[in-house]
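Before any comments, here is the structure.
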Amino acid sequence: MSRPELLLAERAAPHRSARTTLRIQTAAVHEALHVAAPFAAIADRQATIDSYASLLLALHAFHTSMAEVVARACEELELADLHRACERRRSALAADLATAGIARPADAPAVAVTDAGWAVGCLYTLVGSTLGGKLIYRQLDYLLAGPAGREFFAGAADDGEQWRTFCLRLELFAAEQHSLTPTVQGAHFAFEHFASCLDNRP
C-alpha cells in the first residue's frame with residue numbers, strides 16, 4: 001500500500017486501535033504466509049525431516065537478520081523482558097537446528113533500522129508469530145516424536161502475556177505519533193522479508 005493510501009486509511013478510521021490498523025493493513029501478506037509451501041506441507045502432513053530443516057534455516061536467516069530491529073523496538077517500548085524472550089527464541093531455534101543435525105549457520109546480514117516507528121511495526125509481526133507457532137508445534141506431532149527439534153515453535157508459557165503487554169505499549173506509542181504510516185510499513189516489511197527468506201531457503 002502506498003503512503004497516500006495509508007494516510008487516507010488513517011484519516012478514514014481515526015478511532016481504530018493501532019493493533020487493528022496493523023492487522024487490517026497487513027492482512028493480505030499475512031494470509032499469504034499462512035499458505036506458504038513449508039507451512040502447507042506441515043499442515044498436510046507432507047513435510048519431511050529435510051524440508052523441515054530447510055524451514056528452520058529460513059527462520060534462522062529471518063530472525064538473526066532482524067535482531068537489531070527487535071532490540072531497537074523493545075528499547076523504544078521499554079520492553080526488556082520481551083527482548084530477552086526474543087533472544088531465547090533465537091536460542092531455541094539454534095537448538096532445533098542442532099537436533100536436525102545442522103551446525104549453526106552464520107547469522108544473516110543485519111537489517112538496517114530506519115526509525116523507531118518502523119522498528120515497532122516489525123516487532124508487531126515478530127511477536128504475533130509466537131502465537132501462531134504453537135499451532136505449528138502441534139502439527140509437527142507426526143514428524144517429531146517429542147519436543148526436541150521444535151522448541152522454537154513451542155514458545156514459552158508467558159507468550160500470551162508478552163503479546164498483551166506489547167499491544168498495550170503499542171497503543172501508547174501510537175498515541176504519541178503523528179502518523180502510523182512508518183509502523184505499518186515496518187510490519188509490511190517484516191512479513192515480506194520473511195516471505196523472501198522462505199523463497200530463498202536452502
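Key figures for this structure:
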{"quantity": "Selection status of His188, over 24 Å from Glu78 (Cα atoms), surrounded by 17 or more Cβ atoms within 10 Å (Cβ to Cβ), touching a residue at least 60 places away in the same chain (Cβ under 8 Å) and under 12 Å from the mean Cα position of the chain (by Cα)", "calculated": "no"}
{"quantity": "Within segment 161-190, considering residues that are in contact with a Ser or Thr (Cβ under 9 Å, 6 or more places away or on another chain) and not hydrophobic (A, V, I, L, M, F, W, C), the one nearest to Arg16 (Cα to Cα)", "calculated": "Glu171"}
{"quantity": "Residues within segment 114-128 that are surrounded by fewer than 18 Cβ atoms within 10 Å (Cβ to Cβ) and either touching a strand residue (DSSP E or B) at 6+ places or on another chain (Cβ under 7 Å) or not polar (S, T, N, Q) (or both), tallied", "calculated": "1"}
{"quantity": "Which listed residue, of Ala94, Ala110, Ala85, is touching a residue at least 24 places away in the same chain (Cβ under 8 Å), assigned to a loop (DSSP other than H, G, I, E, B) and either within 17 Å of Leu56 (Cβ to Cβ) or hydrophobic (A, V, I, L, M, F, W, C) (or both)", "calculated": "Ala110"}
{"quantity": "Checklist (1) in a helix (DSSP H, G or I); (2) out of contact with any Gly (no Cβ under 6 Å at 6 or more places or on another chain) applied to Leu144, failing item", "calculated": "(1)"}
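A short reminder: the numbers here are calculations on the coordinates, not readings from a lab. Just so it is clear, the model here is predicted, and its values are computed rather than measured. As a convention, Cβ positions derive from the backbone with ideal geometry for all residues, glycine included, and neighbour counts pool all protein chains shown.
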